[in-house]
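See below for the structure under consideration.
The values are calculated or read from the model by the stated rules, or taken from the named source; none is laboratory data. Keep in mind that what you see is a predicted model, and the values were worked out from it rather than measured. Backbone-built Cβ (ideal geometry, glycine too); neighbour counts: all protein chains shown. These accessible areas exclude ligands, DNA and RNA; they are computed on the full protein's heavy atoms, side chains included. Shrake-Rupley method; radii C 1.70, N 1.55, O 1.52, S 1.80 Å.
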Amino acid sequence: WLADQAPVSIISMGNCQGRLVSEPKAEVKILLDEEKKEAARIFTIRNSNGLEARICDYGAALTYMSVPDQFGQFDDIVLASEELVNLKYNFAYLGATIGRLAARTAGGSFPLNGKTVSLARNHGKHQLHGGNTGFHNTRWKGYQGTSADGEFVDLTHTFPDGEDGYPGDMFVRVRYTLTDANRLEIVTQARCTEDCPINTTNHSYFNLEGHEAGSEGKDGIKSHRIRVFSNRYVAVDQDMIATGELLDVDGTALDLRQSTPLKQGLYALRRNKTTNGGYDHTFVIDKKMSSDFGTPSIRSPSQDEGKKRPWNQCAKSSSIGVPETPLLMAAEVFLRKNGRLLRVYTNQPAVHIYTGNFLNGKQTGKGDISYHQFGGLCLECEELPNTLNLQDSNEDVDPAFTRTIVGPKRKEYESRIVFEFSAVSPALGEL
């Protein structure tokens with residue numbers, strides 16, 4: 001049965017020019033189901049500072065992220081499982097890559113080119129995070145290598161025409177790179193044989209105390225402080241569907257423009273039945289606020305000039321398809337007790353802040369730990385949700401609700417997300 005599984009491949013200098021500088025020793029853990037008929041693989045990448053990330057080819061998921069605190073203590077700070085059964089039934093999307101459409105799509109359909117496209121409905125009468133299969137419930141093909149930027153894992157898959165109702169064969173690559181600047185860079189690229197909307201994100205749950213702090217009886221993320229570089233957030237209806245209106249954060253629990261204890265915000269939202277008492281909101285990133293704090297630049301993975309060349313091979317003429325591009329800082333999270341600081345940067349217009357409001361102990365993670373409400377924090381960089389339906393309506397829709405469509409005559413899609421890890425002394429004061 002193992003011979004039928006997608007092979008582990010190591011990209012070497014012999015296949016590519018330019019960016020690839022060495023062939024690392026592959027460190028791959030194979031996960032089996034109870035009947036040993038299915039397998040998934042977990043790839044390990046490290047940097048020179050001792051940081052370590054593990055990425056699973058099932059769901060293209062981040063399952064482990066070990067970072068130091070101000071005292072040099074390393075902890076795994078992402079809520080996730082490394083058991084195949086839990087990865088296959090990952091209803092909380094722990095660590096997973098999300099697509100084709102992140103967030104909620106009203107009515108499980110959207111208009112496109114004069115027709116209505118009907119999608120699989122997995123959230124009442126709506127679709128959530130791409131449907132029943134989506135990117136999160138798919139076995140991807142994995143490749144591991146080392147570039148000038150650091151060790152990386154490439155995950156590729158072709159999502160067939162009609163899956164979850166979406167049109168066209170969509171070719172997707174997700175690259176995770178761990179750099180010596182202590183950044184985990186995630187670049188998602190896609191193209192499609194037919195016109196199709198796309199909006200992807202990464203759904204990792206972070207807890208800067210360590211993933212064990214997401215279990216029952218622990219403090220969860222309440223001791224964390226958060227800052228979001230945004231003046232406006234997306235209004236939603238009772239089903240959490242975007243209405244097309246953007247609201248000002250002034251005077252609300254969503255005003256996170258200054259570093260704010262999550263405990264304070266969660267208390268203010270405790271009676272919000274729609275979000276189950278926590279943050280589950282999309283914020284529009286304010287470019288001026290963000291640019292005041294400086295931004296990193298990251299390179300795109302190698303792209304081939306010929307459309308027929310698989311993305312796991314590099315073009316002979318060029319190793320970089322897109323030049324370095326500055327990103328915007330979306331948010332930062334700080335835990336005073338150990339000095340850990342997490343910053344997220346992106347080229348996407350919005351960040352969805354979710355505080356694990358619906359975690360209920362049924363999500364089992366590493367070490368058989370059960371994760372509970374407010375156990376982890378998601379920082380989902382993405383486009384604004386439900387845009388196709390809103391643009392087709394007669395309602396006044398804020399111009400920030402733009403859409404991205406890929407197709408045979410359209411530009412390839414590229415999303416960039418950077419999680420930057422550091423540790424600072426609390427003596428420096430609150431961030």
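Miscellaneous remarks
Conditions tested, residue by residue: (1) surrounded by fewer than 20 Cβ atoms within 10 Å (Cβ to Cβ); (2) modelled with pLDDT under 95.
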position: Val174; (1), (2): no, no
position: Thr179; (1), (2): no, no
position: Thr188; (1), (2): no, no
position: Asn202; (1), (2): no, no
position: Ala213; (1), (2): no, no
position: Glu216; (1), (2): yes, yes
position: Lys222; (1), (2): yes, no
position: Asp250; (1), (2): yes, no
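- Some residue of the range 199-206 being over 11 Å from the mean Cα position of the chain (by Cα), in a strand (DSSP E or B), farther than 19 Å from Ile417 by Cβ and touching a residue at least 40 places away in the same chain (Cβ under 8 Å): no
- Condition met for Glu38 (open to solvent by 20 Å² or more (accessible area, probe 1.4 Å), modelled with pLDDT under 95, out of contact with any Leu (no Cβ under 6 Å at 6 or more places or on another chain) and acidic (Asp, Glu)): yes
- Here Cys56 meets each of (1) within 17 Å of the chain's Cα centre (by Cα); (2) closer than 19 Å to Tyr143 by Cα; (3) in contact (Cβ under 8 Å) with a residue 60 or more places away in the chain with one exception, condition (3).
Conditions tested, residue by residue: (1) under 25 Å from Asp280 (Cβ atoms); (2) in contact with a strand residue (DSSP E or B) (Cβ under 8 Å, 6 or more places away or on another chain); (3) among the hydroxyl-bearing types (Ser, Thr, Tyr); (4) buried (at least 24 other Cβ atoms within 10 Å of the Cβ).
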position: Thr63; (1), (2), (3), (4): yes, yes, yes, yes
position: Thr105; (1), (2), (3), (4): yes, yes, yes, yes
position: Lys115; (1), (2), (3), (4): no, no, no, no
position: Leu128; (1), (2), (3), (4): yes, yes, no, no
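- Pro426 falls short on exactly one of the conditions (1) modelled with pLDDT of 95 or more; (2) open to solvent by 20 Å² or more (accessible area, probe 1.4 Å), and that condition is (1).
- Check on Thr156, among the hydroxyl-bearing types (Ser, Thr, Tyr), outside any strand (DSSP E or B) and open to solvent by less than 50 Å² (accessible area, probe 1.4 Å): no
- For the range 14-26, the criterion of being open to solvent by 80 Å² or more (accessible area, probe 1.4 Å), touching a strand residue (DSSP E or B) at 6+ places or on another chain (Cβ under 8 Å) and modelled with pLDDT under 95 is met by at least one residue.
- Of all residues in the range 252-274, those being out of contact with any strand residue (DSSP E or B) (no Cβ under 7 Å at 6 or more places or on another chain) and open to solvent by less than 40 Å² (accessible area, probe 1.4 Å) number 4.
- For the condition in contact with a helix residue (DSSP H, G or I) (Cβ under 7 Å, 6 or more places away or on another chain), open to solvent by 10 Å² or more (accessible area, probe 1.4 Å) and modelled with pLDDT of 95 or more, Ile405 does not qualify.
- For the range 65-94, the set of residues classified as surrounded by fewer than 20 Cβ atoms within 10 Å (Cβ to Cβ) and part of a strand (DSSP E or B) consists of Ser66, Pro68, Phe74, Asp75, listed by residue number.
This table checks each residue for (1) within 28 Å of Val187 (Cβ to Cβ); (2) touching a Ser or Thr at 6+ places or on another chain (Cβ under 7 Å); (3) open to solvent by 10 Å² or more (accessible area, probe 1.4 Å); (4) in a strand (DSSP E or B).
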{"site": "Leu342", "(1), (2), (3), (4)": "yes, no, no, yes"}
{"site": "Asn357", "(1), (2), (3), (4)": "no, yes, no, no"}
{"site": "Tyr371", "(1), (2), (3), (4)": "yes, yes, no, yes"}
{"site": "Leu384", "(1), (2), (3), (4)": "yes, yes, no, no"}
{"site": "Leu390", "(1), (2), (3), (4)": "yes, no, yes, no"}
{"site": "Glu395", "(1), (2), (3), (4)": "no, no, yes, no"}
{"site": "Pro399", "(1), (2), (3), (4)": "yes, no, yes, no"}
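- Some residue of the range 120-141 being under 23 Å from Ser81 (Cα atoms), in a strand (DSSP E or B) and charged (D, E, K, R): yes
- When residues in the range 41-53 are screened for being outside any strand (DSSP E or B) and either without any contact (Cβ under 8 Å) to a residue 12 or more places away in the chain or open to solvent by less than 10 Å² (accessible area, probe 1.4 Å) (or both), 1 of them pass.
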